[in-house]
Every structure is written in C-alpha cells, then in structure tokens.
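Comments concern the structure below.
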Amino acid sequence: MNLQLQSNLWCYPWLLLCGLGVILGCGKSTDAKPSAQVLILGAASTKDALQEMANVLQKSKPGELQIEISTGPSHALAQQILSGAPADIYISANRRWADKIAEAGLAEQTVDWLGNSLVLVVPTNSPITINGLEDLTSPEVKRIAVAGQNVPAGIYAEEALKHYKLWTTLSTQDLLVRGHDVRSTLTYAERGEVDAAVVYATDALLTDKVRVVARFDTASHEPIVYPLVRIKSLSPNPAADHVFKFLQSAEALQIGEKYGFVSLEKPLGDTK
C-alpha cells in the first residue's frame, strides 16, 4: 500500500500541469490573424528612408502588417525578380532596371517616385587638398571610388565624369575603385581608403566622416529617378497594395525629403 500511495503522489503534479495546460489552452484566442507580410526590394540608397516609412506604417497597424525590406544594388535586385525571386514592391535607382521588370511582364504598376543628385565627397580628415572636380587629376590623388558599372550610381558617375572630360584620364591611370553599391562606395571614403568618391547627395547626408566638395550639374548625367514598382502577384495581395499606396502618400514623401530625396510623385491622400 505504501508503494501504491507513493505512485499516486507522483501522478498528482502531472495531473495538475495537464489541467493547467487545458485551462491555458482554452484561454487562448483562436481567432488571432497572422500579420500580413509585404516584401520590398529597394535600391541601397533608399535603405534608411524606406525603413522609417515602413516603421511609421507598421506602428499605425500594430500586429496587422509586417514589412520586410531587403536593399542592395538595383541591378542585382532586378535580376533576382527576373529569375523568379518573390517580391511585392521593387524600387530601382534608375528607370533602366524598372523598365526591364516591366518588359518581362512582371510590373503591375510603375510610378516615378523620388529624385536624387550626385556629389563628390572626400574623407573629412583627408590630408589631400580636393576642393572640386578639377583637383581629381592632381598627382596626390591615387584612388577615387565609384559604384559598379551596372549599378545606377556607377552609371550616373561615369556619365558625369565623361561630361567633365575626366573619365578617360582617371580610368586609364587606374585611379577608379568600384564599390558593390553606392553605400559601399561611401564606406570607402568614410574609412579613408580612397581620396574621393562619387555618391548620391542623400548618402553624404548620413555621415560626418565625409564632406561634400562638389555637386555635379544635373545636365551632366541622366536624371536620377527612383521608380516605384508594384510587382504582379499570382493572387490578390491587399497588404502589398496598401503599402504601395502609402509610399506615395504625403507622409511617406516627407520622410523621403527628410533624407534628402526630391519628391517626383504627386502625393496621394491618407493611406494608413
């Protein structure tokens, strides 16, 4: 009998835990809806502004909306989409890659969203005197960073330097260093690994480790336009449609302007 009593006593805690589990399980709501998810693939230069826009919209709909943002070189992101990678919204730093998405029949809607400008920056504590574009041919200058040849920032930089009759000289003297995207190009200058870098004005605003010494004339390169592309969905995606509209709202465009972008799209009404 003692053995039987001991066995029963060991069972009591398990019975209590099981009962508690039933009670807690019954207390949970089975009606909770999972957050709607939206994936945005955006040009590297839009990272900070885009994240703030997403934060604002998600806070207005707590628990209802989850926005995932992946940024990088516009051409690489476009190629991912063209290869079948999932995405709801794509933001390119030029029309070229947005056009390729449209030509492939993958764009549901495209709008010219934001604009930008091109600047020449140098490390803040650089010992080399660079006060303008004319100083890039100085014997002191050994390395100048520009974004990759397929990256919009790199395309704009090449066009601008050719306009100022500098590209041939700089490239033949092997002075140009290619960055993976515009942010890595900026990083080279921040670390003092190059004497100068050609980046977007918006990127130069993000750091005190570089200073702007020249601004490229907008006539020296193709207009810097960021198309906003709603990627076609196999099935209706109201959440992605909502985010696409919000990005065109006055509130979102004001955030873009805070980061130095220029609004190109006429703002929509309140889309929260």
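Table for the structure above
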read-out	value
Intensity falloff of the range 47-193 expressed as log10 I(q)/I(0), Debye formula with alpha-carbon point scatterers, at q = 0.14, 0.15, 0.16, 0.22 Å⁻¹	-0.80, -0.89, -0.96, -1.40
Length added when fully stretched, Ala85-Lys232, from 0.36 nm per residue minus Cα-Cα	51.7 nm
Cα centre as origin, Lys/Arg/Asp/Glu Cβ charges: the chain dipole, Debye	500
Nearest 10 degrees, 0 to 90: helix 2-27 Cα axis against the chain principal axis	50
Antiparallel DSSP beta bridges within the chain, as percent of all bridges there, nearest 5	55
Spin-label model distance (nm) - Lys61 vs Lys245, 7 Å beyond Cα toward Cβ	1.0
Given Lys47/Lys245; Lys47/Lys142; Lys61/Lys245, the pairs whose alpha carbons are separated by over 23 Å	Lys47/Lys142
Alpha-carbon centroids, the range 43-71 and the range 74-153: separation in whole Å	21
Degrees separating the helix 152-163 axis from the principal Cα axis of the chain, which is the longest one	10
Residue-averaged 222 nm ellipticity for the chain, from DSSP H runs of 4+ at -39500 (n - 2.57), nearest 500	-12000 deg cm²/dmol
Protein accessible area in the range 29-166, 1.4 Å probe - carbon and sulfur %	45
Chain lengthening between Thr218 and Val111 when straightened (0.36 nm per residue, less Cα-Cα)	36.4 nm
Ellipsoid semi-axes in whole angstrom, largest first, where each is sqrt(5λ) of the Cα gyration tensor of the chain	50, 25, 17
Size descriptor, Kirkwood hydrodynamic radius, that averages inverse alpha-carbon separations across the range 121-272, Å	17.2
His163 paired with Arg96, simple spin-label distance in nm, labels 7 Å along Cα-to-beta-carbon	1.5
Accessible surface, per residue, of the range 30-143 when the full set of protein chains is kept, probe 1.4 Å, Å²	47
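The values are calculated or read from the model by the stated rules, or taken from the named source; none is laboratory data. What you are looking at is a predicted structure, and each value in this text was computed from that prediction instead of being measured. Glycine gets a Cβ as well: all are built from the backbone with ideal geometry, and neighbour counts include every protein chain shown. These accessible areas exclude ligands, DNA and RNA; they are computed on the full protein's heavy atoms, side chains included. Shrake-Rupley method; radii C 1.70, N 1.55, O 1.52, S 1.80 Å.
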